[in-house]
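Data block below; observations after.
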Amino acid sequence: MNNITAADHVVVAAVSSSAFGRASHIAKQLTLPLVSDWRVSTAAIALLIDIDSAALQLIRPRPPGPVMIDFASPRMEYRRKGGQNELLGRAVGVRQGRSLTILDATAGLGRDAFVLADLGCRVMLVEQLPILAWLLNEALAAAQISASEHVRAAAKRMQVRCANSMFLTAESGVVIYLDPMFPDRGHSAAVKKELAVLQALHGDNATIGQSISATDEQLLEWALAQSTPRVVVKRPLRAAPLGGKAPSHAIAGKAVRFDVYVLGNLA
Ligand SMILES: C[S@@+](CC[C@H](N)C(=O)[O-])C[C@H]1O[C@@H](n2cnc3c(N)ncnc32)[C@H](O)[C@@H]1O
């Protein structure tokens, strides 16, 4: 595992005395400090551990609520019915009878990956931050025993890997999906909170309203150099294409746009 997140940025805390053992184990696993009270910590963010759940909590005066990854949440169910999923499916090339494998090279909180798996794709989620990769794996384990049949089915099609995607060679034929950091694209409190959490996890390099990674363009270069039939990049609706590189076509929604680079035929 790489360790991009500086240890003093993130602390681990148990939410109750019965979760202390689990929190201590996870802190060791992620090589992060364990604290007894996250509210008085000088870190930017806390990984809050309960007996059977975990969440990311921003540490600041009047902190917003915690951010969890829960593929069976009402919010994910709501999103399932939204039009943006259909656009994402079209962008990667979902079609009845076609079996697609997607490499989500910027997995983050796994929302888009779950949508793609729910649309029937097999999805490899690659996330560079160990703490997010750990949370994604936890969420996947919970989804695999969800009461909801479609959540269980989607979870079976997902796999998580903690790595910098740029050091990987994509399996031939997989579609590569990129959603690097980009300016706030939503107005809901939940979206803003998630962005703030991702920003805090990335430390001082991150500034909301700017691209967090100076390597986003290199990530696109990496993707285009793979043996892939298609690269899809999520962008804010009116932003320039990543690295100024014009896509083959774009699929626009209300707030986001999917830039599609066609490099070959889908199987
Ligand atoms: C905007 S978030 C992705 C959100 C995601 N699409 C979702 O639906 O939750 C971008 C994520 O990509 C990760 N990332 C950026 N560059 C990466 C790389 N080269 N390899 C792996 N992960 C990367 C960041 O750590 C961050 O968690």
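The values are calculated or read from the model by the stated rules, or taken from the named source; none is laboratory data. These figures come from a predicted structure and were not determined experimentally. Note: ideal-geometry Cβ built from the backbone for every residue, glycine included; neighbour counts use all protein chains shown. Surface areas here come from the heavy atoms of the whole protein model, side chains and all, with no ligands, DNA or RNA. Shrake-Rupley method; radii C 1.70, N 1.55, O 1.52, S 1.80 Å.
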Test: residue in region 137-144 that is more than 15 Å from the ligand (Cβ to nearest atom), over 28 Å from residue 10 (Cβ atoms) and touching a residue at least 12 places away in the same chain (Cβ under 8 Å):
no
Reported set for region 85-99 where residues are open to solvent by 70 Å² or more (accessible area, probe 1.4 Å) and either closer than 21 Å to residue 138 by Cβ or in contact with a strand residue (DSSP E or B) (Cβ under 9 Å, 6 or more places away or on another chain) (or both) is 90, 99
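Residues checked against (1) touching an Asp or Glu at 6+ places or on another chain (Cβ under 8 Å); (2) among the acidic types (Asp, Glu):
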{"position": "63", "(1), (2)": "no, no"}
{"position": "77", "(1), (2)": "no, yes"}
{"position": "101", "(1), (2)": "yes, no"}
{"position": "105", "(1), (2)": "no, no"}
Hey, residue 82 hits all of (1) more than 19 Å from the chain's Cα centre (by Cα); (2) loosely packed, with under 14 Cβ neighbours inside 10 Å but one; which does it fall short on?
(1)
